[in-house]
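The values are calculated or read from the model by the stated rules, or taken from the named source; none is laboratory data. On a predicted model such as this, the values are computed, not experimentally measured, just so you know. Every residue, glycine as well, gets a Cβ built from its backbone with ideal geometry; the counts of neighbours run over all protein chains shown. Quick note on the areas: whole protein, heavy atoms, side chains included, nothing else; ligands and nucleic acids left out. Shrake-Rupley method; radii C 1.70, N 1.55, O 1.52, S 1.80 Å.
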Amino acid sequence: MPGGVFVSYRRDDASHVAGRMADALGARIGRENVFVDVDSVAPGEDFVRKIETTIRGSETFLAVIGTGWLSAATPQGQ
């Protein structure tokens, strides 16, 4: 996917928007040129390594920020 688009999002509040954006981008530039973790990381593949490698090789990084972004917290409240 060199030169493609990496779509980053929080699953808790932006997965629906990120999915629709990825679909629209895929229709325009080819699905193989759009990276979304749930579709692009194979079972058993090193998730962190795949993400890092793909970000480095992408031409565009699209950060989808949902409505709960500012109040995001871990289960421990951090």
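Computed over neighbours whose Cβ is under 11 Å from that of Gly4, the net charge equals -1, Lys and Arg +1, Asp and Glu -1. Sorting Asp39, Asp46, Asp13 by solvent-accessible area of protein heavy atoms yields Asp39, Asp46, Asp13, largest first, with a 1.4 Å probe.
Restricting region 5-78 to GluC sites (Glu not before Pro) that sit in a DSSP loop and have at most 11 other Cβ atoms within 10 Å of their own Cβ leaves Glu45, Glu59.
Listed values (i) 40; (ii) 46; (iii) 65 include one computed from this model; for percent of Cα pairs over 19 Å apart that value carries the label (i).
To the nearest 500 deg cm²/dmol, what mean residue ellipticity at 222 nm is calculated for the chain from DSSP H runs of n ≥ 4 alone, each contributing -39,500 (n - 2.57), summed and divided by the residues? It lands at -13500 deg cm²/dmol. Axis of helix 47-57 versus longest Cα principal axis of the chain: the two differ by about 60°, to the nearest ten degrees. The slack between His16 and Ile51, meaning 0.36 nm per residue of separation minus the straight C-alpha distance, is 10.6 nm. Taking the longest Cα principal axis of the chain as reference, the axis of helix 11-29 is set at about 20 degrees. The solvent-accessible area of Arg10, taken with every protein chain present and a 1.4 Å probe, is close to 70 Å².
Among the chymotrypsin sites (Phe, Trp or Tyr not before Pro) found in region 27-74, those both in a DSSP coil and sparsely packed, with 15 or fewer other Cβ atoms within 10 Å of their Cβ, are Trp69.
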